[in-house]
Amino acid sequence: MTTLQASPAGARPGEGTPVPLISLEDVRCHFRTPRGVVKAVDGVSFSAAPGEIVCLVGESGCGKTTAGKIAAGLLAPTGGRVLFEGHDIARLRGQDFNRFRRGVQLVHQDPYASINPLHTVGATLAAPLLRHRFASGNAGARRRAAELLDLVDLTPSADFLDKYPHQLSGGQRQRVAIARALTVEPRFIVADEPVSMVDVSIRISLLNTMLRLQRELGTGFLFITHDLALARYFAWGGRIGVMYVGRMVEIGLASDIIARPQHPYTRALLSAIPEADPEVTRNKARVELRSLEIPSLFRLPSGCTFHPRCPLFEEGTCEVATPTLARPAGSVEGSHEVACHLVTRSA
Amino acid sequence: MVAVSPPAPPSDTLAASVALAWYAVRSNYVLQRVVKAIVTVFAVATLTFFLVRLMPGNPIEQYIGQLIAQYGLPYSEARDQAASLFVIDLDQPMYLQYLGYIGKLAQGDLGTSIKSQGVKVTTIIVAFLPWTLFCVGISLIVSFVLGIVLGAVMAYWRGSVVDYGLTMIGSLLHSIPNYLIAMILIIFLGVRWELLPVVKMRGSMSPGIQPGFTLTFVLDVLFHATLPIITYVVTTVGTWMLTMKASTTATLEEDYVSFARAKGLSDGRIRTAYVGRNAILPLFTQFTLSIGFVFGGSVLIESIFVYRGIGQILVSAVSGRDYPVMQGCFLITTVSVVFANLLADLLYGYIDPRVRVGQ
Amino acid sequence: MTGATTARPLPTDPGERGAFAPPTALRLPWSDAVDARVDVSQIADDVVLSVRDLTVEYRVRRGAVKAVRKVSFDLRRGETLALIGESGSGKTTVALALVRLLVRAARITDGTVIYRRGPRAVDVLRLGASRLRHYRWNECAMVFQSALNALNPVIRVRDQFLDVASAHGMTDKRAAEARAVELLRLVQLDADRVMGSYPHELSGGMRQRVLIAMGLLLDPQVIILDEPTTALDILTQRTVIDLLRRLKQERQFALVLVSHDLALAAELADHVATVYAGRIVECGPVADMFYAPHHPYTLGLLNAVPTLSGDFRALDSVRGQPPDLIDLPVGCAFRPRCTFATATCEASDPDLLRVDPERSPVPGAGGHVVACFHAEAASKTFDRHAGGTPGK
Amino acid sequence: MTAATMSLIQAIPGMGALRAIAVTIGALLRQPSGALGFLGVTFFLAMAFIGPAFFPIDIKPKLDKIYLLPSAEYPLGTDYQGRDVLSQIVHGGRDIIIVATTTALITTFVAVTLGALAGFLGGWFDSIVLGIADIILTIPQFPLLLVLASFVRLNNIVLLGVLLAALGWPALMRAIRSQVLSLRQRDYVEAARCLDLGTAHIVFQEILPSMSGYVAISFTLGMINAIFLQVGLIFLGLVPLTGNNWGVMLQLAWVRGAIFYKNALAYILAPVIAISLLQLSLILLARSLEEIFNPRLRKGN
């Protein structure tokens, strides 16, 4: 069924891939607003190997969507660099830039807003196919569009080609959005909360489709979500990065982050999430925070931005210096990094 | 939002302080409105100056020519006389002339009428502006209040005969130009059915009446203002009705209205504080636009009813080519509108807590 | 853990209703509100809200949307009932019907909603305007899904509290304000700051807590919450959930929780009802529902929820799309999406039947009921999540 | 709005402009007010541009036929010089409609261009254009027109159109600008950017089709305002337009005191009703267009 050229087989971190497919290096994105400067993203670094799944997790306002847009090249960072196959995308020109442009695609959160209501599904898919010569002629584009719809499990594809978005459900629209991203045969897809606006009962099948694409086509994913349980499911073989008000506070293998969270914020999140199991969820140990107040993006706390809420807060340390990502005590090099003075102290 | 490059090192340059001032203005609602009002008045003053001074065949040269032809004055004398009328010193370079003109304006000197020699433009304005302000002000308020009440009724009873009828009337009134309504009023109420003594109602008050706070005076003023006020109200109320209906209908769908019902609040309280107040908010921005429209319309309405207000003076100044008067009337009309807009804007800021951002 | 909650005696003296009980003057007499058409003896002693055959339709141009079809359940004093289902299943419509806040296009075509306090009871669907106004908030408070828009944007929080107080006869402004402050502190808000704020100055979580505090102002017997945590951040969600759990214990109100979030139900509910295409298709004590579900749809929902604990396992969604509520499938509405469907399912719509025969077949009355011809077979295929141990 | 209307409208970009117009008219005719407005406008266009071919203008003064009551020979009576009023009405719409259309065309063009540029470029350009627009919006239009009319001789239809357009663009420009701003922010535009579909595709396929309805509404509103202003100017005698048009009829009737002649009722009411009906048709049309296009515009927010 699939006719896409599979990219080089996916690689796991630590297996020694020399050049990551995409990497963000100390990326900053500051917005100037009438009320002051907002540091939406403030020094975030991570990379993804070809075919790898990386999850960015955090609450609203943590900068995960901004980071995703920067990774997709839709927003220019105000500091730091984005590398695609080792090259700074800000310096890519002509053919090289086009290779990046097609190599990284974005799937938006809201399938009701991300598809132009005026075009049929077929027309939506045909435009990029024809423009980038992935198909020739209307008949060719239509054939290829049908294949792509099959690929995202919108079957029978012939039923969907001539439909308008308003005739589709949210889940079906999101599949169209994924198919549209696949038209240019990307090697990496930034998926920004792709299932948060889709009904609970069909979320998993959408994720399963995306996981199959990753397996079969070798497409890497940056999966952005606020739901750690979804992150665990989707990134089971990959990595999870946890963000808090513009900074990455913890990143590591998905299994490590979920089973052995190190950063107090990650721990608080994991302990706070209710689970669909009455016994488990009612007997969960809670991490109590010192404050319920979410810091204003206009006036971020000094030092570690989490310090006013952190249960481990230590005066004289946390509010003074900004912690950087480092290996926590007792972990394998490269598999797990935490930005916390106290957790990494004894490492 | 604008993405900025990495924070620049702090500098005390002029550009930086200008930028700072700009942000201060943008973030303060009241300041923003006041600056806008000042800029508008300034722009209009500038426009009138350059129209008078720079247009080909500009009134100053025309007037000088006229003086020479009519009275056989030598050029220099004619020129001096013209310059004094227009508050412009013609010997100075253009930019100084402009500055001088603005300076005189700031002192309230608008020049002297050409037609009524020696009469200060300010005197004319002081005599006629209050009548227009009175008429337009009353009309705006009556029309707004009436439109809001009717619009709310239409929204609550939407789909009923009342709603249907009022919508039809509203659309009809909305579509007929105000001067045509004025003519229709005169034709039917005055001439055909002879219900109103339209000829007697001309002017802003009857001759021989002593101004003062006496009943006779107030009644007489109202008598003369009746037709203009009816015209203004009739021609604007349709818009308010239809807009208020749409706004109320939208507000009725809001969660906080259903929530107010869930809380068991009384219908009266929900209608006023929850639906009414929120539904009126979007009408306020339109209200400011309407001030200018109604004020501008006074030009036509006052001519038709021969009402002695600033609009009629403007028309006669234009047809009589009395440029200083025209210039002054136009300026003062604009300033009135700008000032009324400013008031409405500030009132809006008071009513809607959400616009007071930078407090 | 047992699903059925034990009934607690209703305190006779208002002073016993906890430290935050409102002054007695606040409570309007429930007057002569005994509805002759309501036979109180038919309703169990501890039931505060008894819904029977509730049917709601929306009239649209294409026809009648059958949003709620013959829904029956009992809500007992101090108990939490969660209505779960996907969007468009009719769970919100049920909640709105309980306080009669349906939109114009909706018609309640059948059913009764009996509200009971002590020996008196009324049919909410037949209350006159002034009694309905009293019933709302005084007896039954409903907090909507969209906490962000539920507060009037141009009025300070203080005045919105006072609005509620004065609408329900609480004339002493100072007492009402003091009580509001008390309640805001109870929901862990900086009461003085919040009282003087406009809604837009508060975060989503703060607004949600303001609404909950407002809900408690008159100490109602029943509180209905529609998706109380959906728009909130995780840590804020946790605060709200913990708060609800604590308030439930302290204040003894009965709670109807409407949510698509199974985890929220698992956390807070005593009873859970699965709503599909306007019907309750399964209802039972929370442990039964999560550990021994009998309806293929409940099973499907549970199998589609990723978890944080336990072993990693592949999940899958319920296949297919929700049915068109104007043109429902013949027989069981879930049949087109069901893996267990047979010819029987097309012949008729299955009735709600008890899973354990000695309990009542009415949802919420303590038993586990299911509307499926293949409940036994479906139940056997359920593989419990590998976290925790069954509560029985 | 029904699903059928919805799909019809959504089919627009896939079709030619003519089909799109046909579909819009079809949708208009399905609403009572839309049908009325459309038929009214069509009637006035036909009367102004086809009518003169069948009704020769009556310009000969007939002193024995002054202020005649309506009769079979003169269905709307005669004027102060004994000329046929009906023929003047038939001939009197053309200039008004031409000026209104010219104004609306220029207004729409300027407003769409400046609005789109301001919305897309943002920054200083946006601030300046918006500032100018705000100032023009605040100045009362009619007095400004009077002042301008005293400097410029408005004896040319096109010039009048340009002048009216110079005052009419700001309101429209603001509306277009906010449309562009909101459309530009849409996720599907960003998706097109991400797919590198090119600026031409984004402008002509993603953004403009969603605005076509809006432009049509704006055009109609522009005409309404232009008719109001020009007739007002003519009525005050400030536009020395010669020939026949409803404004001149009104002015002459007014100046000659025709309102005081009871027999002249039809003469003076004829232009009043003609102008009012034309305005009413245009407003009904604009409102129906809004109803057709707006739910979709709002839905995207």
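The values are calculated or read from the model by the stated rules, or taken from the named source; none is laboratory data. What you see is a predicted model; the values in this text were computed from it and never measured. A quick note on method: Cβ atoms are made from the backbone with ideal geometry, for glycine too, and the neighbour counts reach across all protein chains shown. Note: areas computed on protein heavy atoms with side chains; ligands, DNA, RNA excluded. Shrake-Rupley method; radii C 1.70, N 1.55, O 1.52, S 1.80 Å.
Checking the stated criteria, C:Ile280 turns out to be of a type in the set (A, V, I, L, M), assigned by TED's automatic domain parsing to the domain that holds C:His368 and under 14 Å from the mean Cα position of the chain (by Cα). Taking (1) within 10 Å of chain A (Cβ to nearest Cβ); (2) modelled with pLDDT of 85 or more in turn, D:Arg177 satisfies each apart from (1).
Taking only the range C:171-207 into account, find how many residues are hydrophobic (A, V, I, L, M, F, W, C) and over 21 Å from C:Asp233 (Cα atoms).
Of all residues in the range C:171-207, those hydrophobic (A, V, I, L, M, F, W, C) come to C:175-176, C:178, C:180-181, C:183-184, C:186-187, C:189, C:191, C:194-195, C:202, C:206.
From the residues that got through so far, the ones that are over 21 Å from C:Asp233 (Cα atoms) too are C:175-176, C:178, C:180-181, C:183, C:191, C:195.
Number of matching residues: 8.
Being more than 7 Å from chain A (Cβ to nearest Cβ) and without any contact (Cβ under 8 Å) to a residue 24 or more places away in the chain is the filter; apply it to the range D:204-213 and report the residue that is most open to solvent (accessible area, probe 1.4 Å). Top of the filtered list is D:Phe204. For the structure I just gave you, tell me whether D:Leu144 is surrounded by fewer than 24 Cβ atoms within 10 Å (Cβ to Cβ) and more than 9 Å from every other protein chain (Cβ to nearest Cβ). Criteria not met by D:Leu144. Among the residues here, A:Leu92 qualifies as of a type outside the set (Phe, Trp, Tyr) and more than 8 Å from every other protein chain (Cβ to nearest Cβ). Scanning the range B:207-244 for residues that are part of a loop (DSSP other than H, G, I, E, B) and either aliphatic (A, V, I, L, M) or buried (at least 16 other Cβ atoms within 10 Å of the Cβ) (or both) yields a count of 1.
One residue stands out among those in the range B:167-205 that are in contact with a Lys or Arg (Cβ under 9 Å, 6 or more places away or on another chain), under 22 Å from B:Trp131 (Cα atoms) and open to solvent by 40 Å² or more (accessible area, probe 1.4 Å): the one that is modelled with the lowest pLDDT, which is B:Met205.
Working only within the range D:46-61, note down all residues that are among the aliphatic types (A, V, I, L, M) and surrounded by fewer than 17 Cβ atoms within 10 Å (Cβ to Cβ). Reasoning before the result, please.
As a first pass, look at the range D:46-61 and keep what is among the aliphatic types (A, V, I, L, M): D:46-48, D:50, D:53, D:57, D:59.
Selection gives D:Ala46, D:Ile50, D:Ala53, D:Ile57, D:Ile59.
For the criterion of being among the aromatic types (Phe, Trp, Tyr) and either open to solvent by 10 Å² or more (accessible area, probe 1.4 Å) or more than 21 Å from D:Gln279 (Cα to Cα) (or both), B:Tyr164 passes.
Residue-wise test of (1) modelled with pLDDT of 85 or more; (2) touching an Asp or Glu at 6+ places or on another chain (Cβ under 9 Å); (3) open to solvent by 50 Å² or more (accessible area, probe 1.4 Å); (4) not in a helix (DSSP H, G or I).
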{"site": "D:Thr242", "(1), (2), (3), (4)": "no, no, yes, yes"}
{"site": "D:Trp254", "(1), (2), (3), (4)": "no, no, yes, no"}
{"site": "D:Ala266", "(1), (2), (3), (4)": "no, no, no, no"}
{"site": "D:Phe293", "(1), (2), (3), (4)": "no, no, no, no"}
{"site": "D:Leu297", "(1), (2), (3), (4)": "no, no, no, no"}
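Counting only residues that are assigned to a helix (DSSP H, G or I), surrounded by 22 or more Cβ atoms within 10 Å (Cβ to Cβ) and touching a Ser or Thr at 6+ places or on another chain (Cβ under 8 Å), the range C:125-164 holds 1 of them.
Matching residues to (1) within 30 Å of D:Met249 (Cβ to Cβ); (2) of a type in the set (Phe, Trp, Tyr); (3) touching a helix residue (DSSP H, G or I) at 6+ places or on another chain (Cβ under 6 Å):
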residue: D:Thr24; (1), (2), (3): no, no, no
residue: D:Pro32; (1), (2), (3): no, no, no
residue: D:Ala35; (1), (2), (3): yes, no, yes
residue: D:Phe38; (1), (2), (3): yes, yes, yes
residue: D:Val41; (1), (2), (3): yes, no, yes
residue: D:Ala48; (1), (2), (3): yes, no, yes
residue: D:Phe54; (1), (2), (3): yes, yes, no
residue: D:Ile57; (1), (2), (3): yes, no, yes
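Scanning the range B:257-298 for residues that are crowded, with 22+ Cβ neighbours inside 10 Å, among the aliphatic types (A, V, I, L, M) and within 14 Å of chain D (Cβ to nearest Cβ) turns up B:Ile291, B:Val294.
Output the residue which, of all residues in the range A:139-149 that are within 14 Å of A:Leu182 (Cα to Cα) and open to solvent by less than 40 Å² (accessible area, probe 1.4 Å), is farthest from the chain's Cα centre (by Cα). Looking at residues that are within 14 Å of A:Leu182 (Cα to Cα) and open to solvent by less than 40 Å² (accessible area, probe 1.4 Å), I get A:Ala141. The residue that is farthest from C:Thr239 (Cα to Cα), counting only those in the range A:261-296 that are away from chain C (no Cβ under 11 Å), part of a loop (DSSP other than H, G, I, E, B) and out of contact with any Phe, Trp or Tyr (no Cβ under 9 Å at 6 or more places or on another chain), is A:Gln262.
If you scan the range A:98-127, which residues turn out to be facing another protein chain (nearest Cβ under 9 Å) and outside any loop (DSSP other than H, G, I, E, B)? Across the range A:98-127, the qualifying residues are A:Asn98, A:Arg101, A:Arg102, A:Val104, A:Gln105, A:Leu106, A:Val107, A:Ala123, A:Thr124, A:Ala127.
Residues that are modelled with pLDDT of 75 or more and small (Gly, Ala, Ser) were ranked within the range B:37-69; the one that is nearest to the chain's Cα centre (by Cα) is B:Ala37.
Scan the range C:319-336 for residues that are under 26 Å from the mean Cα position of the chain (by Cα), touching a residue at least 40 places away in the same chain (Cβ under 8 Å) and either in a helix (DSSP H, G or I) or more than 21 Å from C:His368 (Cβ to Cβ) (or both) and the total you get is 5. From the list B:Val153, B:Val126, the lone residue that is open to solvent by 30 Å² or more (accessible area, probe 1.4 Å), modelled with pLDDT of 90 or more and in the same structural domain as B:Ala250 (by TED's automatic domain parsing) is B:Val153.
Could you please let me know if D:Ala166 is open to solvent by 40 Å² or more (accessible area, probe 1.4 Å) and either small (Gly, Ala, Ser) or within 14 Å of chain B (Cβ to nearest Cβ) (or both)?
On the way: open to solvent by 40 Å² or more (accessible area, probe 1.4 Å): yes; either small (Gly, Ala, Ser) or within 14 Å of chain B (Cβ to nearest Cβ) (or both): yes.
Spelling it out, D:Ala166 is indeed open to solvent by 40 Å² or more (accessible area, probe 1.4 Å) and either small (Gly, Ala, Ser) or within 14 Å of chain B (Cβ to nearest Cβ) (or both).
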